Every structure is written in C-alpha cells, then in structure tokens.
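Laboratory data are not the source of any read-out in this text; all were calculated from the coordinates shown. Source: prediction; values computed, not measured. Glycine gets a Cβ as well: all are built from the backbone with ideal geometry, and neighbour counts include every protein chain shown.
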Amino acid sequence: MVTSRVFSFLAAGGLAGILWSGQLLAEAPEPLDQKQLNKAVEADPYGAFIKAFEAGDELTEAEFSAERGVGAKVSQDGQRFSRLPRADLGKFGEWSTHLPARETGPVAQSCISCHSAPYANGAGPNPLNGVVDPLHTGDPSRYLHRNTPHLFALAAVQRIAEEMTADLKAQEAKLGETACATNAPVTRKLKTKGIGFGKLEANPNSAKDGTGCMADFDRSGIEGVDEDLVVRMFGWKGSHATIRAFTRHAAHNELGMQADELVGSHDGDHDGVTGELTVGDLTALSIYMAALERPTSKLELAGLGLLDLPPQEKAQIERGEQAFGEAQCASCHVPTLKINAPIFSEPSLQEGFYEEVFPSGQDAAEAGLSANTAVWFDMTTDSPNNHVELPDGTKKNLGAFRKTEDGGALVSWYSDFKRHDMGHKLADPVDVHGFGASVWPTASLAGVGSTGPWLHDGNATTLEDAIVAHGGGAEKSRLAYEALPETDREALIAFLENLIIVDLDPEEDEDEGF
C-alpha cells in the first residue's frame with residue numbers, strides 16, 4: 001500500500017493534525033480475475049476479503065495510463081481529457097457519440113486525485129467539481145455541478161438501503177395478500193426503520209385465467225423513494241442502488257475507464273483499448289470503499305482518551321447536539337439507524353441490489369459474479385483501518401461500526417435515506433431523473449466537519465451557508481435554526497464540525513498487514 005498522507009499522533013492523546021506530504025500515486029496493478037478471487041473465497045473467505053480490499057486500495061491510488069485505457073477519444077485531434085462536457089463534438093468516435101452516453105469528462109487519471117480531503121478517498125475542493133451535461137444540451141446554463149463526495153464506510157449506505165428495501169417490499173407483498181384475502185381495497189402507511197415513505201394502496205384483481213388473485217397497486221402515495229421501493233442512495237441524486245453501479249459509472253465518466261461489465265468487448269469511448277476494468281476490479285473497488293473506516297467525532301475520540309478536548313469546547317458541542325434536535329434537523333438527518341444484519345456482500349444478496357445481467361448484456365454468473373462465491377465481511381469487526389490502542393492498553397477497531405447486543409450494528413450516518421424537495425435555491429437547472437430538479441436524498445452528515453465545501457455543488461463555503469440554503473420541505477427547520485440564539489447557532493455548527501474523518505495511524509495499519 002502506498003500511503004498518500006502522514007499523520008502525527010501525539011502520545012498525550014491529541015490529534016496534532018495532518019502533515020500533507022503530497023499524493024504518491026502508483027502504477028495500475030494487473031487486472032484482478034474474478035474467477036481467481038472466487039477460488040480464494042472458497043479456500044479462505046476472510047483472506048479473500050483482505051485480498052479484494054488490498055486490490056481495491058491499489059486501484060484507487062493508481063495513476064492509470066493511456067495504455068491501460070484511461071481517458072477517451074474526446075475529439076479527432078487526440079484530446080483525451082476534458083474538464084467540460086463536449087456535446088458539440090458529434091463526429092464518429094467523438095465525445096457525444098460514446099457508449100454509454102457520456103455525462104462529463106474524462107477529467108483524471110486516478111480516483112484519489114479528486115477524492116482527496118481530508119486524505120485519500122475523501123471529498124474534494126471546488127476546483128475538482130464535476131461539470132455534468134447528462135442531457136447533452138451543450139448549454140452551459142443547463143450544466144450540473146457536482147462536488148466530490150467522500151467514499152468512507154459505504155457498506156453502511158448500501159446495507160441500510162438493502163434492509164429498508166427488503167422491509168418495504170415485504171409490506172407491499174403483505175398488502176397484496178390482504179387485498180386478495182378480503183377482496184377489498186387496502187391501504188397502509190409504509191414505514192421502515194422509523195422512516196415514513198408515504199402510503200400504498202392494493203386492489204384485488206382476479207386473474208382472467210382463474211389462477212387466482214393478483215393485486216393491483218396504486219403507487220401515487222409513495223414518498224421519498226422510487227415506485228419500485230428500491231432505496232437508492234449513491235450519486236448526489238440517488239440514481240444508483242449499489243457501490244458497484246456507482247463505481248463503474250464514475251470510472252466511465254471521470255476516468256474514461258470502461259468496465260467490461262459496462263461495455264463488454266466494445267471500445268465504447270474509442271480510445272483503442274478494451275478490457276480496461278475487469279469484473280474482479282469492480283468487486284475489489286466495491287469491497288474497498290465498503291470496508292473503509294467509518295467517520296467518527298471529536299466527542300467519541302475524547303471519550304476514548306484519544307483526543308484532548310477542552311471542557312468548554314466539549315460543552316459547546318454537546319449543546320450544539322441538543323440544538324440540532326431543537327431545530328428539527330434530526331427529523332431528516334436522523335442521527336443513528338440500526339442495521340440488523342451487518343454483513344456486507346459483493347455481489348449483494350438482496351433483490352433490487354444484485355444484477356443477473358450486466359449492462360453489457362453479459363450474464364453476471366457466467367462472468368464469475370455469483371452469490372455462491374460472494375466476498376463478504378462483518379461491518380462490526382472486519383474493517384482493516386483505524387485499529388488503535390487506547391490509553392489503558394486495550395485495542396479497539398475504531399474503523400468498524402458499533403455492535404449491538406443482538407448482533408446488529410449502529411450507524412451514525414445522519415440521513416433518513418429518503419428524497420425531499422429542498423426548494424429552489426438547491427434546484428438543478430434541469431430535471432434529469434424525472435422526480436424533480438429540487439428533490440434530493442438526504443445527504444449524510446457523517447464526516448461533514450472534514451469535507452467542505454458543502455452541498456451538491458460545493459457552493460456553500462461554510463456549514464451555515466449550507467443550512468440557510470435549505471428550503472422546500474426543510475424550510476421549517478431552516479427557520480428554526482435562524483430563530484435560535486446566536487450562541488446556540490454557533491454551538492450547532494460546532495457540533496457539525498465535530499463530525500470528522502480521521503486516519504489515526506496509517507503506518508501502523510501497514511505494519512499489521514492491512
């Protein structure tokens with residue numbers, strides 16, 4: 001593993017801060033064969049997880065070359081990268097004729113050249129914003145601007161979404177059974193993990209061939225999720241259900257690295273290279289981002305004796321947490337959700353999250369991606385990063401999520417995993433997905449103190465800027481925040497700044513073989 005940052009961790013227990021040493025990029029590793037990874041799973045499941053994690057680490061830090069396929073044929077004159085979408089380039093093989101349709105870029109040779117704050121795999125500053133033209137308008141006034149999100153502990157996002165989806169679909173099935181059993185319309189409110197998703201109505205409809213009743217559903221009352229009830233949280237608009245889908249989309253657009261499962265043997269970006277990312281590479285990247293260390297907080301680190309937090313600052317943060325609730329921020333940015341079964345699997349085992357057929361048309365199982373040989377890990381024990389020694393000499397895996405007595409996991413992600421109308425100030429210039437230009441899934445606040453600038457476009461230079469931009473369904477909460485006394489508003493911001501991402505000792509992680 002090539003480390004791209006250096007931290008000094010004081011013996012007194014304080015975080016001395018980050019000493020940036022510049023990003024040290026590595027050459028791209030050899031492509032990972034999924035079928036060889038499957039054999040590793042059969043021989044040693046945990047060893048296969050570590051193998052996939054390490055391979056994903058190398059891939060995110062790799063500086064891909066043109067020979068490996070990075071970039072694309074943007075224009076006839078040999079341009080490979082473009083900071084701006086080029087819908088004006090429509091000749092054969094040029095930007096606007098690539099398959100799949102390109103939204104932006106390519107803009108970079110490596111993942112961590114954009115995902116860099118507070119360290120590798122993190123967020124990105126304004127200059128690294130993506131400029132996106134998914135509708136190929138060629139009109140800069142209709143371009144979308146996307147700030148770089150962090151990639152830490154994404155298993156939590158997918159597993160919460162998977163469990164919510166399974167619960168919602170079970171409620172749908174039960175409602176249909178009830179409508180058929182009673183031969184009458186039935187309506188129920190949809191709710192999972194304490195979050196309401198509107199209502200669903202089922203009407204009995206006996207099959208004309210006499211085989212039984214199949215309920216028809218009125219889905220007009222569903223809120224905050226697609227009508228198929230699949231909770232999608234990846235991408236700023238929640239357009240992808242899985243880390244895998246999100247990753248291959250980003251690789252295609254930002255890097256010009258086309259995954260085999262996206263294009264097969266077709267050279268969709270006309271750069272003269274095929275086989276740019278294997279099925280195994282996508283598995284490794286997904287596992288790596290899933291298993292990265294979770295965000296933490298200053299309060300947690302102080303409670304463990306790992307950070308010297310002055311009493312006055314601690315009291316302000318604690319008051320800010322109370323103000324966060326009083327301003328109704330927690331109604332959408334739900335502080336903690338529970339995962340009942342904290343086992344992340346790639347591929348997923350959940351309907352709506354696994355693919356039997358890749359976008360390329362290839363059968364996933366034939367390509368080696370099968371539930372029978374899934375790479376998996378326990379989110380409460382297996383995170384390879386942030387293994388620390390506490391002042392009392394005990395060791396703690398601070399990268400893993402907190403385990404409950406019944407074997408679940410508590411995840412402080414500060415989201416309700418639901419879409420909301422956020423008002424005109426946060427609206428895109430175009431509605432790409434059809435559910436509203438001003439509609440967004442609730443952004444996580446985990447690590448928010450380490451990942452400025454804020455909002456989907458990086459337009460908020462302070463956390464207060466981000467709060468006062470809220471409108472639509474968040475209007476009442478914004479007004480409640482503005483009505484707080486100044487000291488309470490300052491405390492609330494201090495609470496948000498306390499939600500951080502830290503790498504406590506990357507050198508030690510390497511020494512331990514991670």
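Within the set of other residues whose C-beta is less than 11 Å from the C-beta of residue 46, count the net charge using Lys and Arg as +1 and Asp and Glu as -1.
On the way: positive: 51; negative: 44, 378, 382.
Charge balance near residue 46 sits at -2.
For the stretch 165-303, state what percent of all Cα-Cα pairs lands in each successive 5 Å bin, counting from 0 Å until the bin that includes the largest distance.
2, 9, 13, 12, 11, 10, 10, 11, 10, 8, 3, 1, 0, 0
I need the calculated FRET efficiency for the pair residue 44 and residue 468, taking r as the beta carbon distance and R₀ as 56 Å, to the nearest 0.05.
Numbers: r = 52 Å, r/R0 = 0.94.
It comes to 0.60.
Quick one: if you stick a label point 7 Å off each Cα along the C-beta vector at residue 396 and residue 36, how many nm between them?
It is 3.9 nm.
Go through the cysteines of the chain and tell me which have no other cysteine Cβ under 4.7 Å away.
So, 111, 114, 329, 332.
So, in Å, what gap is there between the alpha-carbon centers of the stretch 459-499 and the stretch 312-336?
Using only Cα atoms to place each centre, the spacing works out to 11 Å.
Which value in deg cm²/dmol, rounded to the nearest 500, describes the helix-derived mean residue ellipticity at 222 nm for the chain, given -39,500 (n - 2.57) per DSSP H run of n ≥ 4 and division by the residue count? Don't skip to the end; give the middle numbers.
Numbers: 12 runs with 135 residues, N = 514.
Roughly -8000 deg cm²/dmol at 222 nm, from the helical runs in the chain.
Quote the charge dipole size of the chain about the Cα centre in Debye, to the nearest 20; the model charges only the Cβ of Lys and Arg (+1) and of Asp and Glu (-1). Provide the component values of the computation, followed by the final result.
Details: 42 positive and 78 negative charges, 287 e Å.
With only Lys, Arg, Asp and Glu charged at Cβ, the dipole is about 1380 debye.
How much length is gained on full extension from residue 178 to residue 26, taking 0.36 nm per residue of separation minus their Cα-Cα distance? Walk me through the numbers on the way to the answer.
Working: separation 152, 0.36 × 152 = 54.72 nm, distance 5.82 nm.
Once the chain is fully extended between residue 178 and residue 26, it gains 48.9 nm.
Compute the signed sum of charges (Lys and Arg +1, Asp and Glu -1) over the other residues within less than 15 Å, Cβ to Cβ, of residue 322.
Numbers: positive: 314, 319, 489; negative: 318, 321, 326, 488, 490.
Spelling it out: positives minus negatives among the neighbours equals -2.
Along the charge dipole of the stretch 33-120, which of 36, 116, 66 sits closest to the positive end, that is, farthest toward it, with unit charges on the beta carbon of Lys, Arg, Asp and Glu (+1, +1, -1, -1)?
The residue sitting most towards the positive pole is 66.
Just grab the label-to-label distance for residue 490 and residue 142, each label 7 Å out from Cα along the Cβ direction, in nm (one decimal).
4.7
Contour minus end-to-end for residue 432 and residue 239, with contour as 0.36 nm per residue of separation and end-to-end as the Cα-Cα distance? Can you show the working numbers first?
Values: separation 193, 0.36 × 193 = 69.48 nm, distance 1.01 nm.
Result: 68.5 nm gained on full extension.
Would you kindly state how much longer the chain becomes between residue 365 and residue 79 on full extension, computed as 0.36 nm times their sequence separation minus their alpha carbon distance, in nm to one decimal? Could you put the intermediate results ahead of the total?
Details: separation 286, 0.36 × 286 = 102.96 nm, distance 3.68 nm.
Fully extending the segment from residue 365 to residue 79 adds 99.3 nm.
Hey, could you pull the Cα Rg and Dmax for the stretch 156-218, both in Å?
Just the Cα atoms of the stretch 156-218 yield Rg and Dmax of 13.6, 45 Å.
Debye sum, Cα scatterers, the chain, no solvent: what log₁₀ I/I(0) at q = 0.07, 0.08 1/Å?
-0.40, -0.53
Restricting to bridges with both residues inside the chain, how much of the DSSP beta-bridge set is antiparallel, in percent to the nearest 5?
Values: 38 of 41 bridges.
Within the chain, antiparallel bridges account for around 95 percent of the total.
Of 187, 265, 285, which is farthest along the charge dipole of the chain in the positive direction, counting Lys and Arg as +1 and Asp and Glu as -1 at C-beta?
187
What's the magnitude of the charge dipole for the stretch 75-191 around its Cα centre, counting Lys and Arg as +1 and Asp and Glu as -1 at the beta-carbon? Answer in Debye, nearest 20. Walk me through the numbers on the way to the answer.
On the way: 13 positive and 11 negative charges, 41 e Å.
In debye, rounded to 20, the stretch 75-191 gives about 200.
Just order 164-171, 477-484 by mean Cβ neighbour count inside 10 Å, highest at the front, would you?
Packing proxy ranking, top to bottom: 164-171, 477-484.
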